[in-house]
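Comments concern the structure below.
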Amino acid sequence: DSPLNDDRTLEIRIIPYGDSQRLLIARDVTRVRQLEQMRREFVANVSHELKTPLTVLQGYVEMMQMTSDPDSVLGKQYRAMEDQSLRMKTLIDRLLTLSRIEAATDIDFEHPVAMPALLEKVRKEAEELSDGRHELLFEVDPALWLYGDEMQLHSACANLVQNAIRYSPEGGKVRVKWFLQGARGRFEVHDEGMGIEPEHLPRLTERFYRVDRARSRDTGGSGLGLAIVKHALSHHNSQLLIRSRPGEGSCFAFELPPSLVSVRRNESVTGTS
Ligand code: ADP
């Protein structure tokens, strides 16, 4: 029983102490959690407030482009303005997605998500992004569904597949697998891209952490993709697993616990995505 009778949050750790004893460490993390919450709300509010003026600016740039010669100096400047405002919009959308996923507490584990249909959607988006420049292979167990949040699961899978494409050279193979491993559902994305040096791996899921800022920017990156993946997975009792060989490629994977897996063999399967 906690002696604190208000809404305080205690973080409790029990660690081995000597041969037969245990040490219990209780830390009051109420203030830390409050500050985290304030930070999340602040980012979500700022992002939301930035959206309206940006949409207005985009409208004007579009109009100016329509009335100018695209090959003139002015036409090229308008195109640059459009590119930059599009980048800003992507960044704001991703910040909002991250805030929404970070703050989510009421995940609906009642209804299973049709992962095969969800991954079909991811495949179509990947084809659009790759535009024929990569070999995309999807091996999906058609009977493997999952209890969880459809939007979050889509964000996790889509971000990993998009990264595999964005950090791979032309002609590179991107292989996506969704299968049953024992009683767990396992998702894997393999690429033959540039790979990642080991010292970067522990920091990859931090917000705005990028191994190569220029490369990330050139491929439309925001530095928020893997942070979104991390939070979406933690809501599903899972975590991101990364294996990478610099210069050869990477494998990003996650496993879902048996309690969230729904195998629907010999049933007529209809997608929900
Ligand atoms: P970004 O929008 O910059 O891609 P992410 O959070 O998705 O942000 O990824 C963080 C960083 O991790 C990237 O900037 C990139 O350096 C590295 N990274 C992610 N996926 C891959 C991959 N498949 N191959 C190589 N590097 C990757």
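Here are the criteria: (1) touching a residue at least 12 places away in the same chain (Cβ under 8 Å); (2) closer than 24 Å to VAL43 by Cβ; (3) in contact with a helix residue (DSSP H, G or I) (Cβ under 9 Å, 6 or more places away or on another chain). Tell me which single one ARG123 does not satisfy.
Among (1) touching a residue at least 12 places away in the same chain (Cβ under 8 Å); (2) closer than 24 Å to VAL43 by Cβ; (3) in contact with a helix residue (DSSP H, G or I) (Cβ under 9 Å, 6 or more places away or on another chain), ARG123 violates only (2).
Of the residues GLY195, GLY132, GLY171, only one is surrounded by fewer than 21 Cβ atoms within 10 Å (Cβ to Cβ), without any contact (Cβ under 8 Å) to a residue 60 or more places away in the chain, touching a Pro at 6+ places or on another chain (Cβ under 8 Å) and more than 27 Å from LEU96 (Cβ to Cβ); which?
Result of the check over GLY195, GLY132, GLY171: GLY195.
Is at least one residue of segment 211-232 surrounded by fewer than 18 Cβ atoms within 10 Å (Cβ to Cβ) and modelled with pLDDT of 95 or more?
Within segment 211-232, not a single residue is surrounded by fewer than 18 Cβ atoms within 10 Å (Cβ to Cβ) and modelled with pLDDT of 95 or more.
Which residue, of PRO246, PRO202, is over 26 Å from LEU95 (Cβ atoms) and exposed (fewer than 14 other Cβ atoms within 10 Å of the Cβ)?
It is PRO246.
Give the residues of segment 183-219 that are under 27 Å from GLY148 (Cβ atoms) and of a type in the set (Gly, Ala, Ser), sorted by residue number.
ALA183, GLY185 - these are the residues of segment 183-219 that are under 27 Å from GLY148 (Cβ atoms) and of a type in the set (Gly, Ala, Ser).
Quick one: ILE15 ticks every box in (1) open to solvent by 70 Å² or more (accessible area, probe 1.4 Å); (2) in a strand (DSSP E or B) except a single one, so which number is it?
(1)
For segment 148-171, state whether one or more residues are touching a His at 6+ places or on another chain (Cβ under 8 Å) and part of a strand (DSSP E or B).
No.
When you look at HIS235, is it away from the ligand (no atom under 15 Å from the Cβ), open to solvent by less than 60 Å² (accessible area, probe 1.4 Å), within 15 Å of the chain's Cα centre (by Cα) and at pLDDT 95 or above, yes or no?
Answer is yes for this residue.
Which one is least open to solvent (accessible area, probe 1.4 Å), of the residues in segment 249-260 that are in a helix (DSSP H, G or I) and out of contact with any Lys or Arg (no Cβ under 8 Å at 6 or more places or on another chain)?
Restricting to residues being in a helix (DSSP H, G or I) and out of contact with any Lys or Arg (no Cβ under 8 Å at 6 or more places or on another chain), the top hit is LEU260.
For residues in segment 108-124 being in a helix (DSSP H, G or I) and not basic (Lys, Arg), which is surrounded by the most Cβ atoms within 10 Å (Cβ to Cβ)?
The residue in question is MET115.
Let me confirm something: among ARG207, ARG265, which residue is in contact with a helix residue (DSSP H, G or I) (Cβ under 7 Å, 6 or more places away or on another chain), in contact (Cβ under 8 Å) with a residue 24 or more places away in the chain, open to solvent by 60 Å² or more (accessible area, probe 1.4 Å) and in a loop (DSSP other than H, G, I, E, B)?
Being in contact with a helix residue (DSSP H, G or I) (Cβ under 7 Å, 6 or more places away or on another chain), in contact (Cβ under 8 Å) with a residue 24 or more places away in the chain, open to solvent by 60 Å² or more (accessible area, probe 1.4 Å) and in a loop (DSSP other than H, G, I, E, B) holds for just one of ARG207, ARG265, which is ARG207.
Take THR105 and decide whether it is under 23 Å from LEU226 (Cα atoms), free of Cβ contacts under 8 Å to residues at least 40 places away in the same chain and open to solvent by 80 Å² or more (accessible area, probe 1.4 Å).
Against the criterion (under 23 Å from LEU226 (Cα atoms), free of Cβ contacts under 8 Å to residues at least 40 places away in the same chain and open to solvent by 80 Å² or more (accessible area, probe 1.4 Å)), THR105 qualifies.
Inside segment 179-203, can you point out the residues that are in contact with a strand residue (DSSP E or B) (Cβ under 7 Å, 6 or more places away or on another chain) and either on the phi > 0 side of the Ramachandran plot or within 7 Å of the ligand (Cβ to nearest atom) (or both)?
Scanning segment 179-203 gives ASP191, GLY193, GLY195, ILE196.
I'm trying to understand the selection: among the residues of segment 94-120, which are more than 17 Å from the chain's Cα centre (by Cα) and small (Gly, Ala, Ser)?
Within segment 94-120, ALA114, ALA117 qualify.
The values are calculated or read from the model by the stated rules, or taken from the named source; none is laboratory data. Keep in mind that what you see is a predicted model, and the values were worked out from it rather than measured. Heads up, the Cβs are rebuilt from the backbone with ideal geometry, glycines too, and the neighbour counts pull from every protein chain shown. Note: accessible area is taken over every heavy atom of the protein model, side chains too, but ligands, DNA and RNA are not part of it. Shrake-Rupley method; radii C 1.70, N 1.55, O 1.52, S 1.80 Å.
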